[in-house]
Amino acid sequence: MLLAGDIGGTKTVLALYHEVGAQEFDHEPVVESVYPSADYSSLEEIIAEFLAQGDYPLSGASFGVAGPVVDQRAQVTNLPWTIDARAITQTFQVNTHLLNDLEAIANAVPFLEEADLCTLNEGRPQPGGAKAVIAPGTGLGEAFLVWIGDRYESYPSEGGHAAFAPTTARQIDMLTYWLGKMDHVSYERLCSGLGIPNIYRYLRDSGGYEEPSWLAEELAATRDHTPVIVTNAVAQTAVICVETLDLFMEILGGEAANLALKVLATGGVYVGGGIPPRILPQLQQSSFLSVFRSKGRFSKMMATIPVYVIRNPKVALYGAAYEALRAGAEE
């Protein structure tokens, strides 16, 4: 069996899959469990608890990690964990590989089916064209895929930590607001689960939008403000929440286009992460696509680039499992 993991700042998902061939596995997991990452001191602690559920013969393990992976070691961006593939291999006696969580999603992109996707822009995908992946979840992840002759090869990126580049007067004002409060204002600081409360705070403190007392009470009652803001935006129960989500989608459209230009993603842009599937109707009606296409002399080309939302929540697990399969085949 293959042990696959999606390691995020909020939650860690582990699953076991049956191999059914040299390059394929049964997508229905033998067992799958979700763990609140912050409740554990290490990934090894979670793996041990997970494997204690039964006697499972393992042929390989792979984990997509929310953070850069260097020499098979990773520091999780929004967790105080250091993950070492060699230590996991030694502890659990299974060949282990680490990859960036967006690289894991990218690994699965060539295998996605129509039911896994929602098309925002049909465009005209070019055979063998590069593909881009952008995923706002707890943080903002980015990756890309390049055709290498017989298959797509995925590559990680930490583009979400690149400096935020405003494109409107309001975005410039928001950048100015946050420059006085943090050393580096990245896209992740505004275009992610961590970033949505920062947009909200700017709108509230700028004086343009009133914060209702009932909403202030809801926010004060929880540490994670993002679900409260997004829920009220979708329900249209508070103007400040609606405006926060609109600005988030505007920024997401701009950064998705930036990534598409940088890797010349004529094969398509895939929008993943936990947030986009939850706001799909809002994305379809928002300025996302108009902002995506609005790239001056390249606007005509941008209109030809397909844009998809990844709806399958297990895509990162699948990508990790494909990595374990490929690593096993190459050894």
Checked segment 279-330 against the a/c 1.5 cut and the a/b vs b/c comparison, axes a ≥ b ≥ c from its Cα gyration tensor; verdict oblate
Would you give the gap between the C-alpha center of segment 301-320 and the C-alpha center of segment 219-282, rounded to a whole Å? 15
Partner lysines for residue 262 [C-alpha distance under 21 Å; skip if fewer than 8 residues away on the same chain]: 131, 295, 300
Given a cut-off of under 8 Å on Cα pairs at least six residues apart, what relative contact order in percent is computed for the chain? 23
Assign unit charges at the C-beta atoms only (+1 for Lys and Arg, -1 for Asp and Glu), then state the dipole size of segment 29-97 relative to its Cα centre in Debye, rounded to the nearest 20. 220
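Would you tally the net charge around residue 118, using a Cβ to Cβ cut-off of less than 13 Å, leaving residue 118 out, and scoring K and R as +1, D and E as -1?
So the environment of residue 118 carries a net charge of -2.
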Taking the reciprocal of mean 1/r across every pair of different Cα atoms in the chain, the Kirkwood radius in Å is 20.6
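May I ask you to list the trypsin sites (Lys or Arg not before Pro) in segment 81-167 that are in a DSSP loop and have at most 12 other Cβ atoms within 10 Å of their Cβ?
151
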Quotient of C-alpha Rg and 2.2 N^0.38 Å, computed over segment 198-331: 1.30
Lys/Arg +1, Asp/Glu -1 at C-beta; the chain dipole; positive extreme among 147, 221, 12: 147
Using a 1.4 angstrom probe, figure out how much accessible area the chain has per residue, in square angstrom, rounded to the nearest whole. 45
Place a point 7 Å from Cα of residue 239 in the direction of its Cβ. Which residues in segment 191-207 have their backbone N less than 13 Å from it? 204, 207
Using a Gaussian network model on the chain with a 10 Å cutoff between Cα atoms, which of 182, 249, 301 fluctuates the most? 182
Histogram of C-alpha separations across segment 1-150, 10 Å bin width, %: 10, 38, 35, 15, 3
Going 7 Å from the Cα of residue 177 along its beta-carbon direction, which residues of segment 232-268 have the amide nitrogen within less than 12 Å of the resulting point? 240-241, 243-245, 247-248
Give a quick list of trypsin sites (Lys or Arg not before Pro) in segment 212-306 that DSSP marks as loop, anything other than H, G, I, E or B, with at most 11 other Cβ atoms within 10 Å. 223
What residues have an amide H closer than 5 Å to that of residue 144, excluding those fewer than 5 places away on the same chain, when H is modeled at 1.01 Å from N in the peptide plane? 133, 155
Heads up, I need the accessible area for residue 10: 1.4 angstrom probe, whole protein in place, Å², nearest 10. 80
With every protein chain in place, what's the accessible area of residue 224 (1.4 Å probe, Å², nearest 10)? 80
Could you let me know the centre-to-centre spacing of segment 165-191 and segment 79-111, using Cα atoms, in angstrom? 32
Please report the net charge: other residues with Cβ closer than 11 Å to the Cβ of residue 286, K and R +1, D and E -1. -2
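Rank these residues by their accessible area, most exposed first, probe 1.4 Å: 167, 138.
Of 167, 138, the descending order of accessible area is 167, 138.
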Which helices pass in the chain if a helix is a full DSSP H run, must span at least 20 angstrom along its long axis by Cα, and must have mean Kyte-Doolittle hydropathy not below -0.5? 239-263, 315-330
Please compute the net charge surrounding residue 144, taking Lys and Arg as +1 and Asp and Glu as -1 over other residues with Cβ under 12 Å from its Cβ. -1
The alpha-carbon center of segment 1-36 and that of segment 44-65 are separated, in whole Å, by 9
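The values are calculated or read from the model by the stated rules, or taken from the named source; none is laboratory data. Remember, predicted model here, so these are calculated numbers, not experimental data. Backbone-built Cβ (ideal geometry, glycine too); neighbour counts: all protein chains shown. In case anyone asks, the SASA skips ligands and DNA or RNA and just uses the protein heavy atoms, side chains included. Shrake-Rupley method; radii C 1.70, N 1.55, O 1.52, S 1.80 Å.
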